[in-house]
Amino acid sequence: MDSTLWLTLSLLGLGLAAGLAYRFFHGRGHKVVGNECINLEKLAVSKNGDPVTTFGKTATLVQFSTQYCGQCPGVRRALAKLEYRNGDVLFIEADITDRLNLAAHFNITQTPTVLVLNSAGVIKYRVGGVPKAGTIESELTKLGVT
Amino acid sequence: MTTQKMIDPRGPRFGAAITTGLSLIAFYLSLSNQQLAYSTVVALGVLFFWSVLSPETHPAGLVFKRFIKPRLAPPTELEDSRPPKFAQQVGLTFALIGIVGGLFAPVLVTISAAFIFLAAFLNAFFGLCLGCQLYLVLRRVGVLR
């Protein structure tokens with residue numbers, strides 16, 4: 001086989017490998033160590049028109065979105081559904097389109113990014129991108145959400 | 001806040017599929033037939049420039065609207081047109097590297113085609129838009145407003 005064809009196939013293989021790696025890692029969350037507690041005053045998000053001042057009883061889900069984010073509305077619906085099913089879970093969304101300082105603080109490089117907080121508001125889990133099916137649910141179970 | 005134009009996200013992905021094919025051809029040719037490869041990269045550059053300037057009249061967009069969209073289910077989600085447009089500008093930059101750089105060093109045509117291929121391939125077949133990911137990062141760094 002001549003080298004031209006071989007190189008072209010290698011490029012194709014490289015693209016395929018990168019794509020498969022992306023598919024594998026995207027939306028796969030990881031545990032967060034360091035016990036950072038979210039400051040709701042600084043986060044300053046509102047829900048149904050009222051500022052959010054307390055965390056969910058057993059867990060809080062924080063979604064960071066931007067106005068130009070294509071996959072955020074779908075994730076918002078999925079998380080709102082989890083909140084609806086369980087009254088002890090609070091779901092809040094922070095729009096970082098014009099609040100890039102928030103993005104810098106939480107080191108957000110892609111939207112949506114979802115944080116799972118425990119009852120005290122400590123960040124326990126983080127997912128960059130669209131969470132894979134069941135990840136958020138199983139993290140909530142670990143925090144004692146039934 | 002101005003209302004943003006919302007688009008069917010499958011439109012840019014269809015365009016990316018075409019770019020994938022063209023850039024792979026350009027890459028192959030750049031290793032065998034320099035002149036044809038150069039023309040292909042110029043064609044890619046023109047297409048990128050077109051979609052930056054006037055995405056509504058872009059041939060790939062028209063083909064999508066006319067022949068593909070009617071056969072698909074309605075989109076579940078619309079997408080803001082800013083990140084894909086920005087991604088096209090990134091694509092144009094890479095095409096320009098090939099077009100201008102190719103005049104001096106033919107290897108730049110190969111490199112430009114390879115980058116365009118990787119970005120377009122990931123967008124078309126895996127839904128990963130590298131340019132869109134860059135958008136937030138560059139805004140954070142302060143390069144974009």
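The values are calculated or read from the model by the stated rules, or taken from the named source; none is laboratory data. Treat the numbers as computed from the prediction; the structure is a model and nothing was measured. All Cβ positions, even for glycine, are placed from backbone atoms using ideal geometry, and neighbour counts span all protein chains on display. All accessible areas refer to the heavy atoms of the entire protein, side chains included, with ligands and DNA or RNA removed. Shrake-Rupley method; radii C 1.70, N 1.55, O 1.52, S 1.80 Å.
Largest to smallest in accessible area, the residues B:TRP50, A:TRP6 fall in the order A:TRP6, B:TRP50 (1.4 Å probe, all protein chains included).
Residues considered: A:PRO73, A:PRO131, A:PRO51. Largest GNM mean-square fluctuation over chain A, using C-alpha springs under 10 Å, is found at A:PRO51.
Can you compute the label reach from B:SER32? Point 7 Å from Cα along the Cβ direction, backbone N cut-off under 17 Å, restricted to segment B:83-119. Counting only backbone N, you get B:110, B:114.
With an 8 Å Cα cut-off and a minimum separation of 6 or more residues, compute the relative contact order for segment B:5-145 in percent. Working shown, then result.
On the way: 175 pairs, mean separation 49.9, N = 141.
Reported as a whole number, the value is 35 percent.
Taking amide H as placed 1.01 Å from N in the peptide plane, A:THR113 has its amide H under 5 Å from the amide H of A:PHE64, A:GLY129, each at least 5 places away in sequence or on another chain.
Based on Cβ point charges of +1 for Lys and Arg and -1 for Asp and Glu, what charge dipole magnitude is obtained for segment B:7-145 about its Cα centre, in debye rounded to the nearest 20? So the dipole magnitude of segment B:7-145 works out to roughly 220 debye.
Computed from Cα positions, the angle between helix A:3-25 and the longest principal axis of chain A comes to roughly 10 degrees.
Residue separation times 0.36 nm, minus the C-alpha to C-alpha distance between B:VAL46 and B:LYS65: what's the value?
Using 0.36 nm per residue and subtracting the Cα-Cα distance, I get 4.8 nm.
A simple rule links phi to the HN-Hα coupling: the Karplus curve 6.51 cos²θ - 1.76 cosθ + 1.60 with θ = phi - 60°, which for segment A:118-123 gives 7, 5, 8, x, 8, 5 Hz, with x for Gly and Pro. For the protein assembly as shown, the dipole from Cβ point charges (+1 on Lys and Arg, -1 on Asp and Glu) about the Cα centre works out to 320 debye, to the nearest 20.
With the convex hull of the Cα atoms taken as the outline of segment A:1-71, the averaged projected area works out to 8.9 nm².
Assuming R0 = 30 Å, can you tell me the calculated FRET efficiency for the pair A:ARG28 and A:ASN101, based on Cβ-Cβ distance, to the nearest 0.05?
On the way: r = 27 Å, r/R0 = 0.91.
With a Förster radius of 30 Å, E is 0.65.
Straight-line reach from A:LYS142: taking Cα to Cα under 14 Å and skipping same-chain neighbours fewer than 8 places apart, the aspartates and glutamates in range are A:ASP88. Per-residue shielding of A:101-112, expressed as the average number of other chain Cβ atoms within 10 Å of the residue Cβ, stands at 2. The H on the amide N of A:ALA59, modeled in the peptide plane, is under 5 Å from the matching H of A:LEU90, each at least 5 residues off or on a different chain.
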